Amino acid sequence: MRFVLDTNLLVSGVISAGLPRRLIDGAKAGEFELCTSDVLLAELLEVLLRGKFAARLEQAGLTPQGIVDDLRRIAVVVQPADTPRVVPTDPDDDNVIAAAVTGQADLIASGDKRDLLPMGGFAGIPIVTARDAIERLEAMHKS
């Protein structure tokens with residue numbers, strides 16, 4: 001299976017334990033392929049460079065660039081030819097959709113209750129919560 005993880009889940013998974021961290025750990029363990037794009041990695045770096053994350057990252061011995069580099073190493077990084085305007089409420093989220101479509105992802109996992117999750121899916125790619133993504137992984141491993 002190939003998943004795109006929205007930036008909000010990646011940030012949550014980096015700075016705290018919980019379901020988003022389990023998804024990142026699952027990608028590192030090869031339970032699924034993480035799919036992303038240069039635009040999404042740049043957005044992640046921009047968010048992680050915010051002052052509010054500095055102390056947590058330093059305490060964990062992590063740097064924003066190191067985190068992005070680690071994810072780049074384990075991910076399939078796609079280059080969408082274009083980014084269609086499909087998320088009516090947040091144009092930045094169009095980059096998530098573009099990466100998923102280009103990367104032929106099986107799902108998009110997001111914590112974005114305002115913009116992405118209400119869409120339910122796009123082009124046959126479900127948009128689900130971290131919990132739903134983990135449940136799908138567990139179901140796949142059982143069968």
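Every number in this text was worked out from the coordinates using simple rules, so none of it is lab data. From a predicted model like this one, the values you see are computed outputs, not experimental measurements. When we count neighbours, we look across all protein chains shown, and the Cβ atoms used for this are built from the backbone with ideal geometry, even at glycine.
Helical content alone sets the calculated 222 nm signal of the chain at -15000 deg cm²/dmol, taking -39,500 (n - 2.57) per DSSP H segment of four or more residues and averaging over every residue.
In this simple spin-label model, placing a label point 7 Å from the Cα along the Cα-to-Cβ direction at both MET1 and ASP25 gives a separation of 1.7 nm. Please state, as a whole number in µm²/s, the translational diffusion coefficient that the Stokes-Einstein equation yields for region 2-142 at 4 °C and 1.567 mPa s, with Rh defined as the Kirkwood radius across alpha carbon pairs. Estimated diffusion coefficient is 86 µm²/s.
The trypsin sites (Lys or Arg not before Pro) found in region 1-110 that occupy coil by DSSP, while having at most 12 further C-beta atoms within 10 Å, are ARG50, ARG85. Estimate the FRET efficiency between ASP82 and GLN59 by the formula 1/(1 + (r/R0)^6), using the beta-carbon distance for r and 41 Å for R0, to the nearest 0.05. The computed FRET efficiency comes out at 0.50. Summarising the overall dimensions of region 1-75 from its C-alpha atoms, the Rg and Dmax are 11.5, 35 angstrom.
Using per-residue counts of other Cβ atoms within 10 Å, averaged over each peptide, order 76-82, 129-135 from highest down.
Taking the mean over residues of other Cβ atoms within 10 Å, the ranking is 129-135, 76-82.
Below 8 Å, C-alpha to C-alpha, sequence gap of six or more: please give me the relative contact order for region 1-46 in percent.
Once normalised by length, the contact order is 47 percent.
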